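**Student:** Below you'll find the structure I mean.
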């Protein structure tokens, strides 16, 4: 039974560049979540999908962030025109019921 | 609304007990507890749902007081492997979780 996987695990980019992260949920999990975590803080909710529908989006999520889950399986999170404040760990989680299982995360550093 | 966790940090000797608290100013539907080790993903410990009773497995258990909008995580006879940061995540409605700032736990030999 494979867990949630994320790719890449690390990403270094220059300010102003676009980046895209991928998340593959646990097989048959219909809900998929994106969170962001900075040093010394708990994960912060960004958005979630039920199947391919994006059902909730944090008000903190700027227009530079977009997420998709086109076929209800894997999901991508894109950040356009990255800023230094976007540096964080981006965590993906999936669930079939209320329990969310997290992936290893993608650590983003914006220079 | 971010839940408040206390204490912020605790140091234990192996075999000692600890309690970590989580409180919210809003009505809660569920409370989720996770442990995260440095550089790793949060690992699910347990979930307490509204109307549910105290839960536990092995030496880790938790309670959920709906009226006070509080939950507590109990670690008994701590082991070195319990070291890490513990987060509570709360759901008011829907599935998005609001996480506290975490409680750092260090168990020493």
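The values are calculated or read from the model by the stated rules, or taken from the named source; none is laboratory data. Just so it is clear, the model here is predicted, and its values are computed rather than measured. Cβ atoms come from the backbone with ideal geometry, glycine included; neighbour counts cover every protein chain shown.
**Student:** For region B:88-109, what are the residues that are touching a residue at least 60 places away in the same chain (Cβ under 8 Å), part of a loop (DSSP other than H, G, I, E, B) and within 14 Å of another protein chain (Cβ to nearest Cβ)?
**Tutor:** B:92, B:93, B:97, B:100, B:101, B:102
**Student:** May I ask you to say which residue of A:81, A:69, A:9 is at pLDDT 95 or above and buried (at least 16 other Cβ atoms within 10 Å of the Cβ)?
**Tutor:** On inspection, the qualifying residue turns out to be A:69.
**Student:** Okay, moving on. crowded, with 16+ Cβ neighbours inside 10 Å, touching a residue at least 12 places away in the same chain (Cβ under 8 Å) and within 15 Å of residue A:100 (Cα to Cα) - does that describe any residue in region B:72-87?
**Tutor:** Yes, the conditions are met somewhere in region B:72-87.
**Student:** Can you tell me which residue in region B:32-50 is farthest from the other protein chains (Cβ to nearest Cβ), limited to those that are in contact with a strand residue (DSSP E or B) (Cβ under 6 Å, 6 or more places away or on another chain) and either closer than 13 Å to residue B:68 by Cα or not in a strand (DSSP E or B) (or both)?
**Tutor:** B:37
**Student:** Ok, one more. Has region A:13-20 got at least one residue that is closer than 23 Å to residue B:35 by Cβ and exposed (fewer than 13 other Cβ atoms within 10 Å of the Cβ)?
**Tutor:** No: zero hits.
**Student:** Hey, among B:41, B:62, which residue is surrounded by 14 or more Cβ atoms within 10 Å (Cβ to Cβ), on the phi < 0 side of the Ramachandran plot and within 13 Å of the chain's Cα centre (by Cα)?
**Tutor:** The conditions single out B:62.
**Student:** Could you identify the single residue in A:26, A:79, A:12 that is away from chain B (no Cβ under 11 Å), touching a helix residue (DSSP H, G or I) at 6+ places or on another chain (Cβ under 8 Å) and in contact (Cβ under 8 Å) with a residue 12 or more places away in the chain?
**Tutor:** None of the others qualify; the one that does is A:79.
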